[in-house]
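First the structure, in the form of structure tokens, and then the observations on it.
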Amino acid sequence: MNFNHHLIDKKWQKYYEDNPVNQYSDEKPSLYYLVMFPYPSGKGLHVGHWRPYVICDVLTRRKILEGNYVMQPFGWDSFGLPAENYAVQTGVHPADTTRDSIKIFKTQVKDIGAAYDWDREISTADPEFYKWTQWIFIQMFKKGLAYEKDMHLNWCPACKVVLANEEAIGGECERCGTVTTKKQLRQWMLRITDYAEELLQGLEEMDWPVKVKKMQQEWIGKSFGAEIGFKVKDTDKVVTVFTTRADTLFGATFMVLSPEHDLAKAITTPGQREAVDKYCEEASSKSSIDRMAAKDKTGVFTGAYAVNPATGKDIPIWLADYVLADYGTGAIMAVPGHDARDFDFAKKYCLDIRRVIAENDNVDVNAAMQEAYIGDGRIVNSGFINNMNVKAAQDAVAEFLEENGVGRKTVNYKLRDWVFSRQRYWGEPIPLVHCDTCGVVPVPEEQLPVELPYVESYQPTDTGESPLARIESWVNTPCPACGAPGKRETNTMPNWAGSSWYYLRYADPKNHNEIVSSEAMRKWKCDFYLGGVEHAVIHLLYVRFYTKFLYDIGVLDYQEPFPRFFCNGMVNLNGKKMSKSKGNYVSPDDIIEKYGRDTLRLYILFIGPPEADSEWDDNGIDGVYRFMTRAWRLFSETAKNAKNTKETKELLYARNRLIKDVTDRLDSFSLNTVVSAFMEGINRLADIAKTGGVDQKTLETFVILFAPFAPNTASEMWELLGKNMDLYSQRWPECDEKALVLDEKTIVIQINGKVRENIIVTSTASKEEIVEAATAAAKGRFPADVPAKTIYVPGKLVNFVF
RNA sequence: GCCGAUGUGGCGGAAUUGGUAUACGCACACGACUCAAAAUCGUGCGGGAAACCAUGUGGGUUCGAGUCCCACCAUCGGCACCA
């Protein structure tokens with residue numbers, strides 16, 4: 001009987017469609033395994049998509065075979081720019097495009113044969129779903145977490161859309177790669193910074209890849225320092241700065257504000273007005289990439305002076321775009337002697353440079369400095385903190401600031417509030433109404449969802465308004481508070497909104513009255529989450545933020561959505577990320593046709609360590625396919641007589657070796673080597689089969705172990721063994737360690753640490769016997785009569801040292 | 001620049017707590033089967049004639065190092081004027 005993957009796939013795909021593997025029962029322990037849901041594009045899947053799905057399904061099925069019910073849901077992150085861009089070009093409504101895309105995706109996802117609970121399928125663009133996305137926003141609004149602000153924002157001139165910092169990494173639009181510029185717009189913001197500390201603390205106890213934790217830590221970017229107020233001379237204005245180097249306060253010889261700083265224009269003297277206006281104009285028109293790439297620092301003097309609270313001296317106030325508007329207070333005290341950037345700036349504009357730290361006693365503390373000194377040392381030229389070290393000086397300065405009411409110790413975060421509005425059509429409408437008398441009023445919860453209306457034109461506007469703004473019949477609505485004519489908010493939410501809480505909805509996807517029932521919430525907590533690195537910062541940070549908020553308002557009884565997260569590597573082709581739109585991909589459909597679904601599942605695992613990026617190799621899959629046919633052949637040749645075949649010591653060893661290798665490697669997440677273990681197992685059994693047969697129990701054990709990896713083939717093998725359709729009621733086998741002890745073992749003989757000989761001894765041989773045998777075997781190679789030392793490692797080696 | 005990771009055959013990659021480096025697979029070569037090819041099966045496959053030498057480079061610890069320590073080099077990823 002040949003291995004016919006077409007027949008096997010067809011038969012079992014159908015069977016499991018009608019008889020799902022994952023049967024819920026109150027009796028069984030429940031688990032919840034989740035893989036990141038995809039954005040359904042019309043182009044369909046490539047084999048790279050398979051990787052996380054296969055990995056998650058293998059782990060799920062293994063847990064099922066250990067007697068658990070594992071909820072493994074699937075859904076669609078279906079709002080997004082591609083559908084809208086397509087609509088702009090063709091006029092086809094994004095809802096139609098999305099529906100079609102989901103259909104294509106779903107067919108292809110089903111080919112993977114994962115044990116998904118399709119009953120729990122969700123789609124973020126479904127009004128029944130986004131009703132609750134809007135509901136969460138309203139709760140945030142009520143708690144003061146959502147607010148409006150004029151923002152200088154990253155703006156993509158091509159997409160005509162505002163981007164969050166996370167979407168404009170490196171100064172390029174994440175979607176289209178266009179260089180972004182800045183634009184000032186009124187935006188809805190979420191106060192994620194209120195949760196900065198919790199988001200940071202929460203990372204500690206989580207079972208996440210270290211690199212992902214590090215990335216989040218860095219993104220949150222906590223630093224300890226002080227806030228110091230500098231009085232602007234001859235005014236009542238104060239410029240506050242954040243610094244991590246309060247110890248260098250005596251060395252602050254000028255100040256720099258970012259060009260966007262609130263006080264920038266207000267403090268400018270008439271004489272400098274023209275120069276300042278010109279500079280600010282230039283700064284705002286520069287793209288962020290130019291601004292970052294600028295080697296030369298530029299700036300302009302405001303004409304104003306501030307008073308250094310420590311020295312009492314007047315110091316000039318400058319504007320420069322090397323100071324970031326949205327970090328700290330958007331202003332710095334410049335200490336050119338001890339900060340490289342300030343040093344460059346001071347050199348260029350001939351500003352005072354003053355040494356206040358000496359690295360050692362040989363330094364001439366009054367000599368001109370050649371470069372900024374960043375390190376620790378003894379404080380000099382600094383009044384009451386002289387001779388202290390850096391740390392002590394920081395404390396002393398903080399105390400001085402407190403006493404004089406001009407500053408205090410503080411912490412600062414890089415994390416910024418989340419720009420939450422998008423000037424787009426295909427997203428969740430922000431459920432607010434603007435009323436002349438009542439201000440901004442949330443849409444009452446019973447009126448949710450605020451559904452997206454059909455529009456004629458999806459073209460975004462250059463003014464930064466959403467296409468929704470053109471639909472008067474939708475925009476005009478009575479104020480929910482007073483009934484007077486009001487206007488709907490026309491901005492929509494960003495892509496991340498739905499994915500920031502979707503995991504929760506799977507617990508209770510059909511609940512019309514609540515976001516989730518408390519019973520379902522308690523029962524279904526995500527035990528395992530899996531997905532690609534590309535979402536390691538943004539998505540995972542936002543989900544954690546939403547979860548913490550939902551905890552705070554009493555919806556959840558836990559504060560972290562994903563205590564355990566695994567990050568899979570990408571599958572590359574020709575060294576580059578697979579991409580349908582760039583034509584650089586391998587289609588799973590072709591592979592399934594040629595080799596069958598299980599071969600692809602196995603190859604996707606075999607291709608490399610799951611956490612590493614791997615290169616797709618068409619030849620590699622042939623090897624896995626050969627293994628499948630070899631395994632199949634072994635079964636078809638031995639199954640018939642298996643019941644009459646005696647279990648030999650060799651078979652017992654082979655069986656337990658396989659159990660141990662598969663189980664251990666699965667536990668350590670080494671999925672590529674699990675496939676190797678199956679290959680070794682089949683090679684071993686095929687060897688044994690040459691002289692005898694393979695017993696029933698060994699073949700059954702193989703099938704049970706194989707079931708999570710190659711479900712269709714394993715099912716067919718199960719049937720071949722004369723079993724009923726009860727493969728998934730079986731229990732994961734346990735290894736009998738005794739069976740792994742062989743009668744004989746190989747002992748390595750080393751001389752001075754180098755391998756010289758092997759001897760085979762009985763497994764019961766004592767140390768003395770082994771050393772004696774080793775001496776006899778290696779004596780001829782001894783450089784002297786008697787070794788100075790003999791190292792014996794039990795059961796492994798003897799090392800003669802001379 | 002800072003942070004992190006990774007360097008092992010022609011290739012993808014294996015190697016419990018330091019204990020036979022190169023498992024498993026690909027590619028390749030030869031052989032069997034065949035009129036022939038494909039498929040399949042079998043054998044070989046780091047270098048070297050050998051002694052020996054080989055896990056990015058140079059040191060160190062150890063009876064023994066791919067594994068631990070120090071210093072470099074290279075590649076990849078993240079962040080990047082964060083005060």
Sort out which residues of segment A:134-177 are at pLDDT below 95, surrounded by 19 or more Cβ atoms within 10 Å (Cβ to Cβ) and β-branched (Val, Ile, Thr), and write them in order of number. A:Val161, A:Val162
Note down all Cβ pairs under 9 Å where the first residue falls in segment A:306-333 and is of a type in the set (D, E, K, R), the second is assigned to a strand (DSSP E or B), and they're at least six residues apart or on different chains. A:Lys313/A:Val307; A:Asp314/A:Tyr305; A:Asp314/A:Ala306; A:Asp314/A:Val307; A:Asp321/A:Gly299; A:Asp326/A:Met151; A:Asp326/A:His152
Which one is surrounded by the most Cβ atoms within 10 Å (Cβ to Cβ) among residues in segment A:202-212 that are near RNA strand B (Cβ under 10 Å from one of its atoms) and within 10 Å of the chain's Cα centre (by Cα)? A:Val212
Which residue out of A:Arg601, A:Arg633, A:Arg657 is charged (D, E, K, R), buried (at least 20 other Cβ atoms within 10 Å of the Cβ) and assigned to a helix (DSSP H, G or I)? A:Arg601
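In segment A:28-81, which residues are assigned to a loop (DSSP other than H, G, I, E, B) and aromatic (Phe, Trp, Tyr)? It would help to see each step written out before you state the result.
Kept after step one, since they are assigned to a loop (DSSP other than H, G, I, E, B), are these residues of segment A:28-81: A:28-29, A:36-46, A:65-68, A:72-74, A:77-80.
Result: A:Phe37, A:Tyr39, A:Phe74, A:Phe79.
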Give me the pairs, please: first residue somewhere in segment A:780-802 and of a type in the set (S, T, N, Q), second residue anywhere and assigned to a loop (DSSP other than H, G, I, E, B), beta-carbon distance under 7 Å, and either six or more positions apart or on two chains. A:Asn799/A:Gly753
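Hey, among A:Asp296, A:Asp236, A:Asp207, A:Asp247, which residue is under 30 Å from A:Tyr147 (Cβ atoms) and not hydrophobic (A, V, I, L, M, F, W, C)?
Going through A:Asp296, A:Asp236, A:Asp207, A:Asp247 in turn, just one is under 30 Å from A:Tyr147 (Cβ atoms) and not hydrophobic (A, V, I, L, M, F, W, C): A:Asp236.
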What single numbered condition from (1) near RNA strand B (Cβ under 10 Å from one of its atoms); (2) touching a residue at least 40 places away in the same chain (Cβ under 8 Å); (3) over 26 Å from A:Gly405 (Cα atoms) fails to hold for A:Ala340? (2)
Looking for something under 27 Å from A:Leu415 (Cα atoms), within 16 Å of RNA strand B (Cβ to nearest atom) and in a strand (DSSP E or B) - is there at least one such residue anywhere in segment A:257-276? yes
Starting from segment A:83-97, take each residue that is surrounded by 14 or more Cβ atoms within 10 Å (Cβ to Cβ) and list its partners that are assigned to a loop (DSSP other than H, G, I, E, B) and among the β-branched types (Val, Ile, Thr), counting only C-beta distances under 8 angstrom and pairs at least six apart or across chains. A:Tyr86/A:Val92
Scanning segment A:564-616 for residues that are of a type in the set (Lys, Arg) and closer than 27 Å to A:Trp208 by Cα, which turns out farthest from RNA strand B (Cβ to nearest atom)? A:Arg564
Quick check on A:Glu282: is it in contact (Cβ under 8 Å) with a residue 40 or more places away in the chain and either within 15 Å of RNA strand B (Cβ to nearest atom) or in contact with a strand residue (DSSP E or B) (Cβ under 9 Å, 6 or more places away or on another chain) (or both)? no
The one condition A:Tyr279 fails out of (1) within 30 Å of A:Glu359 (Cα to Cα); (2) part of a helix (DSSP H, G or I) is (1)
Complete set of residues in segment A:563-588 that are in contact with a Gly (Cβ under 9 Å, 6 or more places away or on another chain) and in a loop (DSSP other than H, G, I, E, B): A:Gly569, A:Met570, A:Met578, A:Lys580, A:Tyr585, A:Val586, A:Ser587
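Yes or no, residue by residue, for (1) under 24 Å from A:Asp726 (Cα atoms); (2) more than 13 Å from RNA strand B (Cβ to nearest atom); (3) in contact with a Cys (Cβ under 8 Å, 6 or more places away or on another chain):
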| residue | (1), (2), (3) |
| --- | --- |
| A:Thr629 | yes, no, no |
| A:Lys660 | yes, no, yes |
| A:Arg684 | no, no, no |
| A:Gly693 | no, yes, no |
| A:Ala714 | yes, yes, no |
Please work out if A:Asn758 is within 12 Å of RNA strand B (Cβ to nearest atom), in contact with a strand residue (DSSP E or B) (Cβ under 9 Å, 6 or more places away or on another chain) and modelled with pLDDT of 85 or more. no
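When you scan segment A:342-399, how many residues do you find that are β-branched (Val, Ile, Thr) and farther than 23 Å from A:Glu227 by Cβ?
Of the residues in that region, 4 qualify.
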Taking segment A:85-107 and keeping residues under 27 Å from the mean Cα position of the chain (by Cα) and among the small types (Gly, Ala, Ser) leaves A:Ser101
Hits in segment A:782-802 - residues which are near RNA strand B (Cβ under 10 Å from one of its atoms), surrounded by fewer than 14 Cβ atoms within 10 Å (Cβ to Cβ) and hydrophobic (A, V, I, L, M, F, W, C): A:Ala788, A:Ile791, A:Val793, A:Val801, A:Phe802
Exactly one of (1) within 16 Å of RNA strand B (Cβ to nearest atom); (2) in a loop (DSSP other than H, G, I, E, B); (3) over 37 Å from the mean Cα position of the chain (by Cα); (4) not aromatic (Phe, Trp, Tyr) is unmet by A:Leu324. Its number? (3)
If you go through A:Gly303, A:Gly299, A:Gly330, the only one that is of a type outside the set (Val, Ile, Thr) and away from RNA strand B (no atom under 12 Å from the Cβ) is A:Gly303
Could you tell me whether segment A:691-703 includes any residue that is in contact with a Leu (Cβ under 7 Å, 6 or more places away or on another chain), in contact (Cβ under 8 Å) with a residue 40 or more places away in the chain, surrounded by 21 or more Cβ atoms within 10 Å (Cβ to Cβ) and under 30 Å from A:Ala788 (Cα atoms)? no
Counting only residues in segment A:768-781 that are away from RNA strand B (no atom under 14 Å from the Cβ) and within 26 Å of A:Lys738 (Cβ to Cβ), the one surrounded by the most Cβ atoms within 10 Å (Cβ to Cβ) is identified as A:Ala773
State yes or no: is A:Asp314 of a type in the set (D, E, K, R), more than 11 Å from RNA strand B (Cβ to nearest atom) and under 22 Å from A:Phe230 (Cα atoms)? yes
Suppose we keep only residues that are out of contact with any Phe, Trp or Tyr (no Cβ under 8 Å at 6 or more places or on another chain) and basic (Lys, Arg) within segment A:213-258. Which one would you say is surrounded by the most Cβ atoms within 10 Å (Cβ to Cβ)? A:Arg245
Enumerate the pairs (first residue in segment A:555-582 and under 30 Å from A:Ile136 (Cα atoms); second residue anywhere and part of a loop (DSSP other than H, G, I, E, B) and of a type in the set (Lys, Arg)) with beta-carbon separation below 8 Å, excluding pairs fewer than 6 apart on the same chain, so at least 6 apart or on different chains. A:Tyr558/A:Lys525
Taking the residues in segment A:727-755 that are among the polar types (S, T, N, Q) and more than 16 Å from RNA strand B (Cβ to nearest atom) as candidates, determine which candidate is farthest from A:Ile791 (Cα to Cα). A:Ser729
Is there any pair linking a residue in segment A:648-673 that is more than 15 Å from A:Glu66 (Cα to Cα) and in contact (Cβ under 8 Å) with a residue 60 or more places away in the chain to one that is buried (at least 19 other Cβ atoms within 10 Å of the Cβ) and of a type in the set (Lys, Arg), with Cβ under 6 Å and at least six apart or on different chains, and which? none
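The values are calculated or read from the model by the stated rules, or taken from the named source; none is laboratory data. This structure is a prediction, so every number in the text was calculated from the model and none was measured. Virtual Cβ from ideal backbone geometry, glycine too; neighbours counted across all protein chains shown.
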